[in-house]
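First comes the structure, then the notes that go with it.
Throughout, read-outs are computed from the coordinates displayed, never taken from laboratory work. Given the structure is predicted, the values throughout are model-derived calculations rather than measurements. We place every Cβ from the backbone using ideal geometry, glycine too, and count neighbours over all the protein chains shown.
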Amino acid sequence: MPTIAEKLLQEGMEKGIEKGIEKGIEKGMEKGRMEGIEKGIEQAKIEIAEKMISKGLENETIIEFTGLELKKLEEVRQKLESRGQG
């Protein structure tokens, strides 16, 4: 039969594990939210770039206004050209 000290130690360990799990879940959810926001911002930049490309704007102008890197902008251009929209 466990002693009172052993019972208290076990309860403390269980509570600590529960708290750790809760913290882990919270951090995971926050990270997921932040990644979702970042992806949404990136998608918005791409959509704006697509519209700017369709209006005939140069890479430098599009990069200035969207903040996209040249490599990403070239990918967007290629995608539009393959769809016949660029």
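With a cut-off of at most 16 other beta carbons within 10 Å, and DSSP calling the residue loop, which GluC sites (Glu not before Pro) in the stretch 42-86 qualify? Please list them.
On the way: sites: Glu42, Glu47, Glu50, Glu58, Glu60, Glu64, Glu69, Glu74, Glu75, Glu81; in loops: Glu58, Glu69.
Answer by residue number: Glu58, Glu69.
Within the stretch 46-74, what residues put their amide N at less than 14 Å from the label point 7 Å along the Cα-to-Cβ vector of Arg83?
Of the residues in the stretch 46-74, 46-55 have backbone N under 14 Å from the label point off Arg83.
Could you list Leu73, Leu9 so that the one with the fewest beta carbons within 10 Å of its beta carbon is first and the one with the most is last?
Ascending number of Cβ neighbours within 10 Å: Leu9, Leu73.
Among Met1, Gly56, Ile37, flag the residue with its Cα farthest along the positive direction of the charge dipole of the chain, charges on Cβ as +1 for Lys/Arg and -1 for Asp/Glu.
Gly56
What's the magnitude of the charge dipole for the chain around its Cα centre, counting Lys and Arg as +1 and Asp and Glu as -1 at the beta-carbon? Answer in Debye, nearest 20. Walk me through the intermediate numbers first.
Numbers: 16 positive and 19 negative charges, 32 e Å.
The calculation lands at about 160 debye.
Work out which trypsin sites (Lys or Arg not before Pro) in the chain are exposed loop sites (DSSP not H, G, I, E or B, at most 12 other Cβ within 10 Å) and give the longest gap free of them. Please report the intermediate quantities before stating the final value.
Details: sites that count: Lys55, Arg83.
Free of exposed loop sites, the longest segment is 1-54.
Any chance you could give the angle, 0 to 90 degrees and rounded to 10, that helix 70-82 forms with the longest Cα principal axis of the chain?
60
For the chain, report the % of Cα-Cα distances exceeding 18 Å. The partial results should precede the final answer.
On the way: 2278 of 3655 pairs.
Counting every Cα pair in the chain, those more than 18 Å apart make up 62 percent.
If you line up the long axis of helix 4-54 against the longest principal axis of the chain, both from Cα atoms, how many degrees apart are they, to the nearest 10?
0
Say the cut-off is 21 Å between C-alpha atoms; which of Lys31/Lys72; Lys51/Lys79; Lys45/Lys72; Lys45/Lys79; Lys45/Lys71; Lys31/Lys71 go over it? Write down the numbers at each step before the final one.
Details: Lys31/Lys72 24 Å; Lys51/Lys79 13 Å; Lys45/Lys72 10 Å; Lys45/Lys79 15 Å; Lys45/Lys71 14 Å; Lys31/Lys71 26 Å.
Going by Cα-Cα distance, Lys31/Lys72; Lys31/Lys71 fall outside the 21 Å limit.
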